[in-house]
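Here the structure comes first, spelled out in structure tokens, and everything after it is commentary.
Nothing in this text is a laboratory measurement; each read-out follows from the coordinates by a stated rule. Remember, it's a predicted structure, so these values are computed and weren't measured experimentally. Note that each Cβ is placed from the backbone with ideal geometry, even for glycine, and that neighbours are counted across all protein chains shown.
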Amino acid sequence: MLKSDRWIKKMVEEYKMIEPFVENQIKKGIISYGLSSYGYDIRLADEFKIFTNVFNSIVDPKNFDPKSFVDFKGDVCVIPPNSFILGRSVEYLRIPRKVLGICLGKSTYARCGIIVNITPLESAWEGKITIEISNTTPLPVKVYANEGIAQIIFLESDEECEVSYKDKKGKYDKQDGIVLPLIDK
């Protein structure tokens, strides 16, 4: 079942589900973030990995070459045309065992040709979220650090899952920075 702002506040108190937690929607002069009616708008941190083809690498998720990205830190990141960047959330999340988080990009960016891709936040996962941000336009596009980038919608099950992300010893558990593709060995 979809969860409301009251439920989210309760989970923040009980599980420290979102840190730092902003209890109101902050929106004056910026792309909004914080608690909304049925979700929470996360912020984009100020560190980025900008995709580059300078070294003519092949993108291989099983053998990822970190030289495919240029590291950048700043308040604004420009995404090259028809390219993408990786970022991370400001917030650290702790997903309760009976909960699943689904993230969707904010409409302000969607209307600029930006697609935000975040995989589901599985039960008992915790960490900062690695965020893939694609520019589908033929023009450079700006994204802003410390402002909203995506909304998390929380769903709670009537029962606990049999095997959680933590039980599986998931490779992205407790990530703190931008984490590149990993393969279990």
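Close amide H partners of Glu91, meaning residues 5 or more places away or on another chain with modelled amide H under 5 Å apart, are Arg43. In the chain, a dipole from Cβ-located charges (positive for Lys and Arg, negative for Asp and Glu) runs towards its positive end, and of Ser89, Gln151, Val78 it is Val78 whose Cα lies farthest in that direction.
Simple point charges give the picture: +1 on the Cβ of Lys and Arg, -1 on the Cβ of Asp and Glu, and for the chain a dipole about the Cα centre of about 300 debye.
Using the Karplus relation 6.51 cos²θ - 1.76 cosθ + 1.60 with θ = phi - 60°, the per-residue 3J(HN,Hα) values for region 22-35 come to 10, 6, 10, 7, 9, 8, 5, x, 9, 7, 4, 8, x, 5 Hz, with x marking Gly and Pro. Each label was represented as a point 7 Å from its Cα along the Cα-to-Cβ direction; for Asn82 and Leu2 these points are 3.7 nm apart. Would you mind checking region 106-140 for residues with the amide N under 15 Å from a putative spin-label position 7 Å along Cα→C-beta of Tyr15? Once the point is set 7 Å along Cα→Cβ of Tyr15, 120-128 turn out to lie under 15 Å by backbone N, inside region 106-140.
Of the cross-linked pairs Lys3/Lys62; Lys16/Lys169; Lys10/Lys128; Lys27/Lys166, those separated by over 32 Å at the C-alpha level are Lys3/Lys62; Lys27/Lys166.
For region 99-116, the Karplus equation 6.51 cos²θ - 1.76 cosθ + 1.60, evaluated at θ = phi - 60°, returns couplings of 10, 10, x, 10, 10, 10, x, 6, 5, 4, 6, 4, 6, 10, x, 9, 10, 9 Hz by residue, with Gly and Pro reported as x.
If you take all other residues with their beta carbon under 12 Å from the beta carbon of Phe51, and give Lys and Arg +1 and Asp and Glu -1, the sum is -1.
Length available on full extension from Glu47 to Asp158: 0.36 nm per residue minus the Cα-Cα distance, which gives 36.2 nm.
Grab the beta carbon distance between Gln25 and Asn117, set R0 = 22 Å, and tell me the FRET efficiency rounded to 0.05.
On the way: r = 23 Å, r/R0 = 1.06.
For R0 = 22 Å, the calculated efficiency reads 0.40.
Using the per-residue mean of other Cβ atoms lying within 10 Å as a proxy for protection, in what order, highest first, do the peptides 105-116, 145-156 fall? Numbers along the way, then the final one.
Numbers: 105-116: 15.9, 145-156: 20.0.
In descending order of packing, they fall as 145-156, 105-116.
Using 0.36 nm times the number of residues separating Lys168 and Glu132, minus their current alpha carbon distance, what extension gain do you get?
Values: separation 36, 0.36 × 36 = 12.96 nm, distance 2.38 nm.
So the extension gain works out to 10.6 nm.
Relative to the Cα centre, what is the charge dipole magnitude of region 1-46, using +1 at the beta carbon of each Lys and Arg, -1 at the beta carbon of each Asp and Glu, and rounding to the nearest 20 debye?
About 160 debye.
If I stretch the segment between Val54 and Arg97 completely, what's the gain in nm (0.36 nm per residue apart, minus their alpha carbon distance), one decimal?
On the way: separation 43, 0.36 × 43 = 15.48 nm, distance 4.27 nm.
Gain on extension, Val54 to Arg97, equals 11.2 nm.
Is the shape of the chain best called rounded, prolate or oblate, per the rule: a/c under 1.5 gives rounded, else a/b larger than b/c gives prolate, else oblate, with a ≥ b ≥ c the square roots of the Cα gyration tensor eigenvalues?
Working: a/c = 2.20, a/b = 1.29, b/c = 1.70.
Oblate is the answer for the chain, as a/c is 1.5 or above yet b/c matches or exceeds a/b.
Ordering Trp125, Val99, Ile115 by Cα displacement along the dipole of region 94-134 toward the positive end leaves Val99 in first place; charges were set at the Cβ atoms of Lys, Arg (+1) and Asp, Glu (-1).
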